[in-house]
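> The following block contains the structure, expressed as structure tokens.
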Amino acid sequence: MEALYCIGCGAQIQTQDKAAAGYTPQSALDKGLETGEVYCQRCFRLRHYNEITDVHMSDDDFLKLLHEVGDSQALVVNVVDIFDFNGSVIPGLSRFVAGNDVLMVGNKSDILPKSVKAGKVTQWLTERAHEEGLRPVDVILTSAQQKQAIKELMAKIETLRQGRDVYVVGVTNVGKSTLINAIIQEITGSKDLITTSRFPGTTLDKIEVPLDDGSYLFDTPGIIHRHQMAHYLSDKDLKYVSPKKEIKPKTYQLNPEQTLFLAGLARFDYVSGDKQGFTAYFDNNLRIHRTKLAGADAFYEKHLGNLLEPPSQKDKGDFPKLIRHDFTITDRTDIVFSGLGWIRVNGAAKVSAWAPEGVAVLTRKALI
């Protein structure tokens with residue numbers, strides 16, 4: 001019998017092993033063959049019940065996929081998350097793409113405050129790409145969720161690919177499959193052919209989208225980035241690191257030796273300097289608590305899982321301990337908690353930023 005593939009995630013359909021990728025009950029397969037839409041059970045439950053089942057791909061599988069991209073004559077569309085650029089960089093991508101052209105797509109542009117100018121974000125993304133060794137031929141901003149600039153992106157891809165195949169690559173949670181769904185809908189009018197969710201690792205194998213001239217656009221599995229905050233959260237808490245609406249900045253006037261807790265996920269200490277305002281850019285539902293630095297350790301230990309939630313009381317035992325990162329700031333600077341958001345420091349200050357062990361904390365010139 002000819003091999004069948006799930007149109008949601010690309011995994012080969014099989015009816016034997018419930019724990020393996022591509023499993024679907026025979027009855028569901030028969031029904032899918034009648035309708036012409038065959039989904040694996042994992043995608044079906046994700047689409048209809050928002051339930052996720054882990055199916056693991058090894059790092060070797062991802063490396064193999066990247067080598068395949070490098071060996072092709074193709075346009076590489078690298079999707080990054082504007083809200084979490086550092087957490088959405090593919091380590092070593094510049095080596096893997098070899099001589100292929102790279103178009104960088106900054107997704108989730110609708111999350112940034114409207115006061116941010118698109119030109120400034122584009123320039124900032126270009127500079128960050130150069131720091132990572134990438135030389136994109138162009139940078140374009142989109143919102144896959146809101147279907148913003150999809151026609152412009154399609155036109156740009158058509159111009160740059162020059163008859164070649166297109167590989168869309170990115171780490172988990174940058175909105176890659178949502179973006180391709182928007183492109184497919186624009187072309188064909190079909191909705192949600194590719195399974196999308198906020199959960200890491202939805203696309204299990206590359207999915208082929210035929211183009212008019214016989215070439216293909218390939219959606220690839222999200223590469224897992226070990227420094228993403230998302231990998232340390234339960235399913236229900238992922239909403240706090242994947243904002244769906246424009247973030248509303250909040251400014252806190254702090255004296256030295258005051259602390260901000262970012263729920264129970266991270267912490268910001270103002271160690272020394274003059275009283276000043278610190279502006280927080282996080283999901284609008286993330287609760288921020290201010291307290292004194294002197295009692296911050298005890299406060300965290302006492303309230304983690306209730307007042308400081310997420311993580312929940314049930315999940316706090318598995319949550320990594322917070323690691324301190326010290327910074328001396330001299331100019332307007334963002335302290336970035338990878339995958340969560342950032343705090344803008346406006347003037348000279350000594351600060352400490354705490355994040356789960358394994359999650360990156362870094363500084364950058366203030367974006368806003």
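The values are calculated or read from the model by the stated rules, or taken from the named source; none is laboratory data. Bear in mind the structure is a predicted one, so any value in this text is a computation, not a measurement. Quick reminder, even Gly has a Cβ in these numbers, built from the backbone with ideal geometry, and neighbours come from all protein chains shown.
> Which residue pairs have Cβ atoms closer than 8 Å, lie 6 or more positions apart in sequence or on different chains, and pair a first residue in segment 349-364 that is farther than 17 Å from Gly87 by Cα and without any contact (Cβ under 8 Å) to a residue 60 or more places away in the chain with a second residue that is among the hydrophobic types (A, V, I, L, M, F, W, C) and not in a loop (DSSP other than H, G, I, E, B)?
Close Cβ pairs satisfying both conditions: none exist.
> Right, another one. Give me the pairs, please: first residue somewhere in segment 168-179 and in contact (Cβ under 8 Å) with a residue 24 or more places away in the chain, second residue anywhere and buried (at least 24 other Cβ atoms within 10 Å of the Cβ) and basic (Lys, Arg), beta-carbon distance under 9 Å, and either six or more positions apart or on two chains.
These pairs meet every condition: Val168/Lys176; Val169/Lys176; Gly170/Lys176; Val174/Lys108; Gly175/Lys108.
> Let me ask something else. Which of the residues belonging to segment 347-368 are modelled with pLDDT under 95 and either farther than 14 Å from Arg267 by Cβ or assigned to a loop (DSSP other than H, G, I, E, B) (or both)?
Scanning segment 347-368 gives Gly347, Glu357, Gly358, Val359, Ala360, Leu362, Thr363, Arg364, Lys365, Ala366, Leu367, Ile368.
> Would you check which residues across segment 303-318 are surrounded by 15 or more Cβ atoms within 10 Å (Cβ to Cβ), modelled with pLDDT of 90 or more and part of a loop (DSSP other than H, G, I, E, B) and list them?
Gly305, Glu309, Pro310, Pro311
> For Leu286, all conditions in the list (1) part of a loop (DSSP other than H, G, I, E, B); (2) in contact (Cβ under 8 Å) with a residue 60 or more places away in the chain; (3) within 24 Å of Gly358 (Cα to Cα) hold save one; what is the number of the exception?
(2)
> Here are Val174, Val168: which of them is among the hydrophobic types (A, V, I, L, M, F, W, C), modelled with pLDDT of 80 or more, closer than 29 Å to Asp60 by Cβ and part of a loop (DSSP other than H, G, I, E, B)?
The unique qualifying residue is Val174.
> Do we have any residue at all in segment 325-337 that's in a strand (DSSP E or B), in contact with a helix residue (DSSP H, G or I) (Cβ under 9 Å, 6 or more places away or on another chain) and either modelled with pLDDT of 90 or more or surrounded by 13 or more Cβ atoms within 10 Å (Cβ to Cβ) (or both)?
Yes: segment 325-337 contains one or more residues that are in a strand (DSSP E or B), in contact with a helix residue (DSSP H, G or I) (Cβ under 9 Å, 6 or more places away or on another chain) and either modelled with pLDDT of 90 or more or surrounded by 13 or more Cβ atoms within 10 Å (Cβ to Cβ) (or both).
> Since Tyr216 meets every condition but one in (1) of a type outside the set (Lys, Arg); (2) touching a Leu at 6+ places or on another chain (Cβ under 9 Å); (3) more than 20 Å from Leu46 (Cα to Cα), which condition does it not meet?
Failing condition for Tyr216: (2).
> Moving on to the next point. Note down all Cβ pairs under 6 Å where the first residue falls in segment 85-98 and is closer than 21 Å to Trp124 by Cβ, the second is of a type in the set (Gly, Ala, Ser) and surrounded by 14 or more Cβ atoms within 10 Å (Cβ to Cβ), and they're at least six residues apart or on different chains.
Asn86/Ser338; Gly87/Ser338; Gly87/Gly339
> Considering each residue of segment 324-348, count those that are without any contact (Cβ under 8 Å) to a residue 60 or more places away in the chain and among the aliphatic types (A, V, I, L, M), and give that number.
Number of matching residues: 1.
> Scanning segment 73-99 for residues that are of a type outside the set (A, V, I, L, M) and surrounded by fewer than 17 Cβ atoms within 10 Å (Cβ to Cβ), which turns out modelled with the lowest pLDDT?
Looking at residues that are of a type outside the set (A, V, I, L, M) and surrounded by fewer than 17 Cβ atoms within 10 Å (Cβ to Cβ), I get Pro91.
> Tell me which residues, restricted to segment 12-51, are part of a loop (DSSP other than H, G, I, E, B) and modelled with pLDDT under 85.
Lys18, Ala19, Ala20, Ala21, Asn50, Glu51 - these are the residues of segment 12-51 that are part of a loop (DSSP other than H, G, I, E, B) and modelled with pLDDT under 85.
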